[in-house]
């Protein structure tokens, strides 16, 4: 295993099948969130680097778009084989660059990339690219060059669930991973190179949103943009892409409700809700950050939530027992502290946690696992996406009120229901305005569609659902 801080490829981009230096040298330190110290550096790209990557992708598209499904399947299977070979290297990188506990990095973060490759392969095997409707042949054809812009919070999840379906569709790609957690993307590019991806089919340029992401979105050689990140940044990407009328698929922010119905096992549901909210140190766009409980049992719910939060082990990400590591950056830490302060100022009840680092920690972007009770849906902590280990608990008097509170948000990425009666939960699920609804804490399903309503975005990712985003539909009339 190569040391993370001595890989020369950290300062290179992957363009047209080769590792290349940036057109204009510029470096950015990569910070270990657990120590607040730089452990390596990357190069930052610009217009010239994007131009080179897009040109390579355009030149490769003509031949790659004509590959058979069998050829694309074989390519994805080689990528999966190489990904599995580098699994532990990638897990180490994720733990170091974003502070993910090493067990979580291995079993969730890097596993997600593996699972999405497997799901895309399964989806491609059964995908229908051509069908007859009367005398017309309906063809689904690759859209062209896809610009993929991915975030830091689930790096492999988002990289793979864009790259894999794009290649499955026959598109060529240019990836801009997050500059905050970029090392896992460099290792993924090594995977692509080792798997024998043809020149120009996959390209990777590091850089900032304004200097690389927006340049990709505006580029006339790019046919579509797939973006995951904040709603604010997604709006900028969409406006930038509009001048060239390219397709934009977006997975954006969330403020997901978790309705615990009166017939649920309250203790179990509350504890599961806390765990789901705090997983990945609260840095998940679909985290159930608004827990809705029956008003008569509000204080009982607070006691269960407090017990679960205070039992969680916050500490060094490299320790196998650690459950909560630091958040990713000083910027995130400061934002979370501001929102915790807002909860206190606006009158929410602090159940546990609060401002500052956990006791005994003087270094690292560690946040105290925080529970607020007696929250109302007009409070800042119930409206804004916090992206940290902070849970707001609200109450409701009727089922109708619970649904109304759940839907009273600009977001619509996910929603959660807990009930002791599956039919009861099934009646509630269609009323929730969200792209995904999870009943009674199910296992993660990478074959299910993932995406949002409202300001949580458009398009759907995962398995065959994602392949559709990278296809154009052509009708050949008079075919038969």
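Within region 8-24, the residues that satisfy the criterion of being out of contact with any strand residue (DSSP E or B) (no Cβ under 7 Å at 6 or more places or on another chain) and farther than 21 Å from residue 196 by Cβ are 8, 21, 23, 24.
Only one of these is under 17 Å from residue 172 (Cα atoms), assigned to a helix (DSSP H, G or I), touching a residue at least 12 places away in the same chain (Cβ under 8 Å) and under 21 Å from the mean Cα position of the chain (by Cα): 217, 238, 233. Name it.
Values: 238 fails: under 17 Å from residue 172 (Cα atoms); 233 fails: under 17 Å from residue 172 (Cα atoms).
Answer to the check: 217.
Residue count for region 326-352 under the criterion of being within 19 Å of residue 303 (Cα to Cα), touching a helix residue (DSSP H, G or I) at 6+ places or on another chain (Cβ under 7 Å) and assigned to a loop (DSSP other than H, G, I, E, B): the result is 1.
Of the helices (runs of 4 or more DSSP H) lying entirely inside region 372-471, those carrying at least 2 residues that are assigned by TED's automatic domain parsing to the domain that holds residue 355 and either at pLDDT 95 or above or closer than 30 Å to residue 143 by Cβ (or both) are 380-383, 399-407, 422-428. Pairing each residue of region 15-26 that is modelled with pLDDT of 95 or more with any residue that is crowded, with 17+ Cβ neighbours inside 10 Å and part of a strand (DSSP E or B), provided the two are 6+ apart or on different chains, yields C-beta distances under 6 Å for 15/203; 20/13; 22/43.
The single residue among 102, 94 that is within 21 Å of the chain's Cα centre (by Cα), closer than 30 Å to residue 34 by Cβ and buried (at least 23 other Cβ atoms within 10 Å of the Cβ) turns out to be 94.
Would you mention how many residues in region 267-302 are in a loop (DSSP other than H, G, I, E, B) and under 15 Å from residue 417 (Cα atoms)? Before you say what the answer is, go through the steps one by one.
Of the residues in region 267-302, the ones in a loop (DSSP other than H, G, I, E, B) are 283-289.
Cutting the leftovers down to under 15 Å from residue 417 (Cα atoms) gives us 286-289.
Within region 267-302, residues that are in a loop (DSSP other than H, G, I, E, B) and under 15 Å from residue 417 (Cα atoms) number 4.
Rundown of residues vs (1) in contact with a helix residue (DSSP H, G or I) (Cβ under 6 Å, 6 or more places away or on another chain); (2) under 27 Å from residue 21 (Cβ atoms), yes/no style:
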| site | (1), (2) |
| --- | --- |
| 135 | no, no |
| 139 | no, no |
| 163 | no, yes |
| 166 | no, yes |
| 177 | yes, yes |
| 183 | yes, yes |
| 193 | no, yes |
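The values are calculated or read from the model by the stated rules, or taken from the named source; none is laboratory data. None of these values were measured; they are calculated from a predicted model. We place every Cβ from the backbone using ideal geometry, glycine too, and count neighbours over all the protein chains shown.
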